[in-house]
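For reference, the structure discussed in these notes is given below.
The values are calculated or read from the model by the stated rules, or taken from the named source; none is laboratory data. Just so you know, these numbers come straight off a predicted model, no measurement behind them. Neighbour counts are summed over all protein chains in view; Cβ atoms, including those assigned to glycine, are modelled from backbone coordinates with ideal geometry. Just the protein is used for accessible areas: all its heavy atoms, side chains included, with ligands, DNA and RNA removed. Shrake-Rupley method; radii C 1.70, N 1.55, O 1.52, S 1.80 Å.
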Amino acid sequence: MSDEFAKGLAMLTGGLLGWMVLSGWYTTESFESPIQLIAEAPEGLELFGTLALTLREALFWFAIVGALVFWVFIPAGRQARIAWNERQSN
């Protein structure tokens with residue numbers, strides 16, 4: 001169980017760190033503004049800016065889905081398999 005927790009935590013922190021760095025570069029208008037990291041993305045970006053914003057969204061979903069997979073789905077699958085095997089043996 002601790003192995004899955006560590007993997008989920010690594011995916012969550014790594015993905016959100018990348019998201020935060022890219023959000024700081026592209027969506028922070030000023031540091032005095034109350035809306036930092038979640039402001040609207042600038043329009044008219046070239047290829048690398050568009051790729052960075054796409055990577056930003058991918059890192060966010062990687063962090064959320066990765067943590068859910070290792071913290072919820074894999075342990076639930078193991079418990080379901082154990083329950084299924086116990087049911088079959090009775």
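What order, most packed first, do the peptides 41-51, 57-67 have when packing is the mean number of other Cβ atoms within 10 Å of each residue?
Result, highest mean Cβ count within 10 Å first: 57-67, 41-51.
Roughly speaking, to the nearest percent, how much of the chain's 1.4 Å accessible area is carbon and sulfur?
Ligands and nucleic acids excluded, carbon and sulfur give 67 percent.
For helix 2-26, what angle does its Cα long axis make with the longest principal axis of the chain, in degrees from 0 to 90 and rounded to 10?
Helix 2-26 sits at roughly 10 degrees to that axis.
³J(HN,Hα) across the stretch 40-54 via Karplus (A = 6.51, B = -1.76, C = 1.60, θ = phi - 60°), whole Hz, x for Gly/Pro?
Those phi angles translate into 5, 6, x, 8, x, 6, 8, 4, 5, x, 5, 5, 5, 5, 5 Hz.
Compute the long axis of helix 74-89 from its Cα atoms, compare it with the longest principal axis of the Cα atoms of the chain, and write down the angle in degrees, 0 to 90, nearest 10.
20
If you count, for each residue, the other Cβ atoms within 10 Å and average over each peptide, how do 72-82, 1-11 line up from highest to lowest?
Per-residue Cβ counts within 10 Å, averaged per peptide and sorted highest first, yield 1-11, 72-82.
Whole number please: convex hull volume per residue of the Cα set in the stretch 1-87, in Å³?
Per residue, the Cα convex hull of the stretch 1-87 comes to 117 Å³.
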